[in-house]
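To start, the structure itself, in structure tokens.
What follows is calculated from the coordinates using simple rules that are stated; it is not laboratory data. Predicted model, so just to flag it, every value in this text is computed and none were measured. Note that we place each Cβ from the backbone using ideal geometry, even for glycine, and neighbour counts take in every protein chain shown.
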Amino acid sequence: MTGIRFQSTPENEIPVCVPVDAVLAHTESLVLWLTDVHVYSCGVEFTIQARRPESTVLLDMFGFGKPGSPQSSGPFLFGVEYADGSVFTNLPGARMTDGLHGGAGRGGPITGDKTYFLQPLPPPKRWSMITAWPYFGVPESRMDLDSAVFADAAERVETLWPEPAHALVEAPDGAQQPPLELPPGGWFEWAHRRSVE
């Protein structure tokens, strides 16, 4: 067991909702979109929704190398790239204490969703969300976002009281995972190679 500090949204703040609702990927077999974007003083919480017209497998949206069930699809791939070169992903081996944190989610056969908390706030200029789902033939796509919108929202966050202290929790070491299917020559292959070098 390895002691790590799981990061989550600040419990002493009222976030500011940012009206960003955008389609991240749209094919005949699957649609992904961004919704429920909330800005805190130190980061951004958002949800990615997935829908399929029909399916015989459960939608695996968790990532971070969490083993799926035998009834699950291959994993959804998600990453973030900041203008300063910082990269955060849900690929296996990505530390959930570094930038991108997986929150609540569900994965049925035709409906799935996953909430993430991203910190720190994006630095000035634009930042990007990158998505792919090789199992369903969804290619890599990139959506750029304006950092200024999030910085402005962070200025309007209400702090209720001093931040409470958190204790370390025990997390299991990563289990051996089957090879991950990454789009060849794409952003996720580059980000995965970068994380293991």
Exercise for review: Lys and Arg at +1, Asp and Glu at -1: add these up for the other residues within a Cβ distance under 14 Å of F136 and post the number.
Suggested key: -3
Point to revise | Added length on full extension, which subtracts the Cα-Cα distance from 0.36 nm per residue, L160 to K125 | key: 9.7 nm
Check your understanding: What is segment 1-94 by shape, rounded, prolate or oblate, if you read a ≥ b ≥ c off the alpha carbon gyration tensor as root eigenvalues and call it rounded for a/c under 1.5, prolate for a/b larger than b/c, and oblate otherwise?
Key -> oblate
Practice item. Give me the number: length gained by fully extending A104 to H26, i.e. 0.36 nm times residue separation minus the C-alpha to C-alpha distance, one decimal in nm. Key: 25.8 nm
Exercise for review: Considering the options I14, S128, S55, tell which one lies farthest towards the positive end of the dipole of the chain, charges being +1 on Lys and Arg and -1 on Asp and Glu at the Cβ, about the Cα centre.
Suggested key: S55
Study note, to complete from the structure: Summed over the other residues with a beta carbon less than 15 angstrom from that of P19, with K and R at +1 and D and E at -1, the charge totals -4
Study note, to complete from the structure: At 37 °C in a medium of viscosity 0.692 mPa s, the chain has a Stokes-Einstein diffusion coefficient, with Rh taken as the Kirkwood radius over alpha carbon pairs, in µm² per second, of 187 µm²/s
**Study point:** Span from the segment 98-150 Cα centroid across to the segment 16-35 one, whole angstrom
**Key:** 10 Å
Exercise for review: Report the local net charge at A83: Lys and Arg +1, Asp and Glu -1, summed over other residues whose C-beta lies under 9 Å from its C-beta.
Suggested key: 0
Review point. On full extension of the chain, what length is gained from K66 through R142, given 0.36 nm per residue of separation minus the C-alpha to C-alpha distance?
Key: 25.0 nm
Review point. How big is the charge dipole of segment 30-102 about its Cα centre, in debye rounded to the nearest 20, if each Lys and Arg gets +1 on its Cβ and each Asp and Glu gets -1 on its Cβ?
Key: 220 debye
